[in-house]
Amino acid sequence: MKNFEGKTAVVTGAASGIGFGLAEKFAQQKMQVVLADVEEEALDKAVEQLRQYQHRVVGIKADVLIEESVGELFARAKEEYGNIHILCNNAGIGANSGDKAIWEIEKSDWEWVMGVNLYGVLYGIQAFLPHMIEHGEEGHVVTTVSLAGLISGAGTYGVSKHAALALTEGLNRDLIARDSKIGASVLCPGFVNTNIMDSERNRPSHLKKKSEPVVNEPQAEIFNLLLKQGKEPNEIAEIVFQAIKDNVFYILPHPAWDDNLRAHFEDILARKELIPPSVNDLAEFFKPREDGEKY
């Protein structure tokens, strides 16, 4: 996709973090932008912030956990701006299951995390893609995955992100097979300064936990610190925008992880035993780099 001015972008999870960064970048390119989020108050503030700069934006409350809500988002976005050209399936959550083993995690955690991080993406594709293909103009779909979709571990979050990656790889293959003008990308960032660790604020009442998780405090502290020290959402948005222009599928904005990813896939090809890293290993791995690159 090369031409952006006057075109329309829809971004889910747009009230904060990467989603807001993407919405702001598209608006700066003189696009019409639909910001969608489950948090209505935060969404209103985000829209007002962009309108202060005379950007053409609108906010629509939407819950990607609910298929009908995503369908309504599409209908309202199309009614507001007509043809839709960019869809960012960005909304996502990071549930904390503590040190529970996979078989010990509550069903409500699985339903919530898979519902938002996987089915939310699927609902977006099902609602928007027929229209985007039919209108015949250039377009692009971006799925926010995470490096957790490329490496092992991370419980329900990692499982959902691996699934979202596979889903978008399949989407990309189908778009190419049908000679579509719509491109696709997966955004796989490392640590970004967002509030994803506070996802519990948006957990629906019918999927509440029955018991509190036992948290690994040292690991949680390291993780929170790394998020705060990570790249800013506007940095990620710049990289994503260029990737859309260049039709890059795998968007890896954190080159500091390249060696780790390479080692992971080499271990797979070498048929090695999978050994999770310890907290001490993580602390050593995340020491500040001489080149200043962030994880």
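FYI, it's all coordinate maths here, none of it is from the lab. It should be emphasised that the depicted structure is a prediction, and the values quoted were computed from it without experimental measurement. With ideal geometry, Cβ positions are generated from the backbone for all residues, glycine too; neighbour counts draw on all protein chains shown.
Observations on the structure shown:
- Computed over the chain, the Cα gyration tensor eigenvalues convert (square root of 5λ each) into semi-axes of 31, 22, 19 Å, ordered from largest to smallest.
- Pair GLU137, LYS210: separation of 7 Å Cα→Cβ label points (nm): 5.1
- Here segment 76-137 has an Rg and Dmax of 16.4, 49 Å, counting Cα atoms alone.
- Equivalent-ellipsoid semi-axes of segment 229-271, from the Cα gyration tensor, Å, largest first: 26, 15, 5
- Convex hull per residue volume in Å³, alpha carbons only, for segment 1-74: 83
- Between LEU274 and ASP44, the modelled label-to-label distance comes to 4.5 nm, taking each label 7 Å out from Cα in the direction of the beta carbon.
- Dimensions of segment 124-266 based on its C-alpha atoms, expressed as ranges along the principal axes with the largest first, amount to 51, 41, 31 Å.
- Within the chain: Cβ-based charge dipole about Cα centre, in debye rounded to nearest 20 (Lys, Arg +1; Asp, Glu -1): 420
- Computed label-point distance, nm, for sites ILE66 and ASP258 using a 7 Å Cα→Cβ extension: 4.5
- Projected-area average for segment 132-183 over all orientations - Cα convex hull basis, square nanometres: 3.7
- Average 1/r across all pairs of distinct alpha carbons in segment 28-168, invert it, and you get the Kirkwood radius: 16.3 Å.
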